[in-house]
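We did not get these values from a lab; they are worked out from the coordinates using the rules stated. Please read all numbers here as calculations on a predicted model, not as lab measurements. Here Cβ is always computed from backbone atoms with ideal geometry, including for glycine, and neighbour counts include all displayed protein chains.
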Amino acid sequence: MIYNLCRRLKNEIEVRKTLSQLRQEIKDSTNKEMVISWLLKDGLDLSHFLQNDDAKTRKNAALLIGDLNLSSYADNLFQAYEKEKTLFVKEAYLRAMQHMDITPFLPQLKEHLQALSETETTSENKKHMEKELHALTDLILSANEDQIHSFRDGKNTFHCLFRTNSLFPEITEKQMNTSETSTSRLGVRISTKNIRHLLNIRTWNELLFQIPGMISCGPEPEVLGKTIASSSLLDFLFKSHDGSFPFYFRLGVKNKMALKDRSIFTQKIASSIEKYSHRKLINSTSNYEFEIRLIERKDGNYYLFLKLYTIDDHRFDYRKEYIPTSIKPVNAALLVQLAKDYMKPDAQILDPFCGVGTMLIERQKVIKGNTSYGIDHSPEAIEKAIINTNLADQIIHYVNKDCFAFAHEYPFDEIFTEMPYATGQKSENDIYEIYKNFFPMAKRLLRPEGTIIMYTRNHEYVKKLCTKCNFQIIKQYKITEKPETWLIILR
C-alpha cells in the first residue's frame with residue numbers, strides 16, 4: 001500500500017488524494033519510517049507540491065511534511081507561507097514547522113504576528129485568520145520558551161480555592177493554621193498575601209484562584225469573554241508575575257454539551273477574550289501559562305476560576321514511576337493524615353501490596369518509622385518502587401514475592417496498605433480469596449497489639465472476615481462515594 005501510494009505520488013497521479021492517503025497511512029510509525037526511507041532512496045522533493053496550483057494540494061503537502069517531521073524542508077515551508085494568498089492554507093505551513101528549527105525566521109514570523117493581530121477581521125476571514133494567529137503564536141512560543149512568565153507573591157491578596165477530597169476539606173483546612181478559611185464540598189477557601197507557605201500542604205488536589213469581577217457569568221460566549229477580559233484578571237497577572245503582556249491561556253469548560261458543541265462554544269469564548277483584552281491574553285493550545293476554568297451551574301450560568309501553571313508544585317516530585325492501579329500520592333497523603341493518630345513513631349511497617357511504594361513513602365513523610373518493607377508480586381512494580389523511594393531519599397526494603405509466602409524474623413507493628421480490587425486481571429472471586437488469606441497473614445506477621453491501616457473498595461469483605469482472626473474495626477472513614485472506598489483501621 002505504502003509503495004503504491006509513493007509511486008502514485010512520484011508519477012503525480014491524483015496528487016491531492018494521494019497526499020491525504022499517505023497522511024492516514026503514516027499514523028502507523030512503521031509506515032512512517034517506510035515513507036521516509038522511500039523518499040530518501042527515490043529522491044522525491046516534496047517541496048515541489050508546495051507550489052501546486054491547487055490550494056488543497058499545497059495544504060496536504062505541507063501537513064505531510066510536518067507529519068514526517070522533515071526538518072530539511074523548514075526553509076521551503078517558510079517561503080511558501082510568505083507567498084501564500086489562500087487563507088485556509090497558511091495555518092498548515094505553520095503547523096508543519098512546529099517541531100523544526102525556525103530560529104532563522106523568528107524576526108519575520110513575529111512581524112507577521114504583529115501585523116495579523118492588528119488586521120481587522122470580517123465574517124468571511126475571521127475563522128481562518130484566528131487559526132493562523134494561533135498557529136503563529138504556538139510556533140513562536142515553542143521557539144521562545146524564555147517568554148513564559150514566572151510567578152511571584154508580590155503584595156496581592158490572593159482569593160484561593162484549594163480543591164480537596166469532597167468529604168474531608170477540614171483535613172487541609174486544619175493544616176493552614178488560620179481562622180481565615182471556610183470549607184465546602186469543593187474544598188477550602190482562603191484569602192492570603194502569602195500563598196507559598198500553603199503550597200507544601202500535601203492533601204489538596206488543585207489550587208484555583210477567584211478573581212474580582214470574574215466570579216460568575218451568563219452562558220453567552222461574547223458576554224463571558226468580555227466579563228473575563230474586563231475583570232481584575234489583567235491586573236492580577238501583571239502584579240503576580242515577572243514579565244510583560246501578552247499572557248497565554250487555555251479554557252477548561254465543564255458543562256453538559258456534546259464534545260463538538262463544547263469545542264465550538266470554547267473557541268467562541270477564547271476569541272472573545274482575545275478581542276476584549278486587545279490580545280494581552282492569547283489562547284494557546286500547547287504553550288499556555290494559565291487555565292480559565294468555567295464550571296456550569298444548575299441555572300445554566302458559569303462559575304469562573306483561574307488555575308496558574310506558573311506556580312510549581314514539587315510536593316510529589318519523587319513519584320516518577322507508576323502503574324495503572326497506583327494510588328495518587330495526594331490520596332495517600334490524605335489517608336496518612338486521617339490515620340496518623342493510630343500510628344506510632346519508630347514502628348516496623350509492612351505494605352504487602354506495595355505497588356510503586358507511594359503509601360509507605362507518604363507515611364514516612366508524616367511519622368518516621370523504623371524499618372519499612374514493601375512486598376509485591378510484580379517485578380515491574382518493585383523496580384518502580386525502588387526508583388521512587390530513592391528519589392524520595394528514603395530507605396524501604398522491597399521484596400518481589402507473593403505476600404502470602406512472605407516470612408520475617410521479627411513481627412511488624414503495623415500493616416499500612418491499599419488492598420487490591422477487581423480489575424480486568426482480577427475477578428471479584430479473586431479479590432475475595434485475597435481478603436480470606438489476608439487476615440491470617442496479618443495475624444502471623446503482626447505483633448499481638450499490631451495495627452492494620454487499609455484502604456479498601458471492599459468494606460463488606462473486611463467486616464465479614466476480620467473477626468475470624470480476632471481483628472476488630474476501631475475506626476473507619478468513607479473516602480469516596482463513587483467508587484465507594486474506605487479507610488479502615490483494625491487491631
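Please determine, in degrees from 0 to 90 and to the nearest 10, the orientation of helix 428-445 with respect to the longest principal axis defined by the Cα atoms of the chain, where the helix direction is its Cα long axis. The two axes meet at around 50 degrees. Of all beta bridges that DSSP places with both ends in the range 151-308, some 75 percent have antiparallel geometry.
Secondary structure note: in the chain, about 60% of the DSSP beta bridges are antiparallel. Each peptide in 292-303, 453-464 was scored by the mean count of other Cβ atoms within 10 Å over its residues; highest first, the order is 453-464, 292-303. One entry in [x] 31.9, 97; [y] 26.5, 89; [z] 28.5, 85 is Rg and Dmax of the Cα atoms in Å calculated from the shown coordinates; its label is [z]. For helix 55-68, what angle does its Cα long axis make with the longest principal axis of the chain, in degrees from 0 to 90 and rounded to 10? Here the helix axis deviates by roughly 40 degrees. With the cut-off at under 13 Å, measuring from each backbone N in the range 77-99 to a point 7 Å along the Cα-to-Cβ line of residue 123 picks out no residue. Can you list the residues of the range 11-28 with backbone N under 20 Å from a point 7 Å past the Cα of residue 286, pointing along Cα to Cβ? The answer is 23-28.
Dipole size in debye (nearest 20) for the range 379-480 around its Cα centre, Lys and Arg Cβ +1, Asp and Glu Cβ -1?
Charge dipole of the range 379-480: 500 debye, to the nearest 20.
For the chain, the longest principal axis of the Cα atoms and the long axis of helix 106-117 meet at an angle of about 80 degrees.
For the residue pairs 340/426; 328/384; 260/307; 59/131, alpha carbon separations beyond 22 Å are given by 340/426; 260/307. Distances between placed amide hydrogens fall under 5 Å for residue 485 paired with 479, 480, all partners being 5 or more residues away or on another chain. Couplings 3J(HN,Hα) of the range 474-491, computed from phi: 9, 7, 8, 10, 7, 9, 9, 8, 9, x, 6, 10, 9, 9, 10, 10, 10, 9 Hz, in residue order, whole Hz [Karplus 6.51 cos²θ - 1.76 cosθ + 1.60, θ = phi - 60°; x for Gly and Pro].
Between rounded, prolate and oblate, where does the range 104-198 land on the alpha carbon gyration tensor, with a ≥ b ≥ c its root eigenvalues, rounded for a/c under 1.5, else prolate if a/b exceeds b/c? Please list the in-between numbers first.
Values: a/c = 3.58, a/b = 2.45, b/c = 1.46.
Here the range 104-198 falls in the prolate category.
For the range 137-189, applying the loop criterion from DSSP together with a ceiling of 16 other beta carbons within 10 Å to the chymotrypsin sites (Phe, Trp or Tyr not before Pro) yields no site.
Mind ranking 410-419, 365-374 by how tightly packed they are, going by the mean number of other C-beta atoms within 10 angstrom, highest first? Don't skip to the answer; put the middle values down first.
Working: 410-419: 20.3, 365-374: 18.0.
Top of the packing list down: 410-419, 365-374.
Per-residue ellipticity at 222 nm, computed for the chain from helices alone with -39500 (n - 2.57) per DSSP H run of at least four residues, works out to -12500 deg cm²/dmol. Using a/c under 1.5 as the rounded threshold, could you call the range 288-355 rounded, prolate or oblate? The axes a ≥ b ≥ c are square roots of the C-alpha gyration tensor eigenvalues, and prolate needs a/b larger than b/c, oblate otherwise. Cα axes put the range 288-355 in the prolate bin. Beta bridges from DSSP with both residues in the range 347-491: antiparallel share about 40 percent, rounded to the nearest 5. According to the square roots a ≥ b ≥ c of the eigenvalues of the Cα gyration tensor, what is the shape class of the range 36-158, taking rounded for a/c under 1.5, prolate for a/b larger than b/c otherwise, and oblate for the remainder? In terms of gyration-tensor shape, oblate. From least to most packed, judged by other beta carbons within 10 angstrom and beginning with the fewest, 226, 384 follow the order 226, 384. The stretch between residue 401 and residue 29, if pulled fully straight at 0.36 nm per residue, gains 130.2 nm over its current Cα-Cα span.
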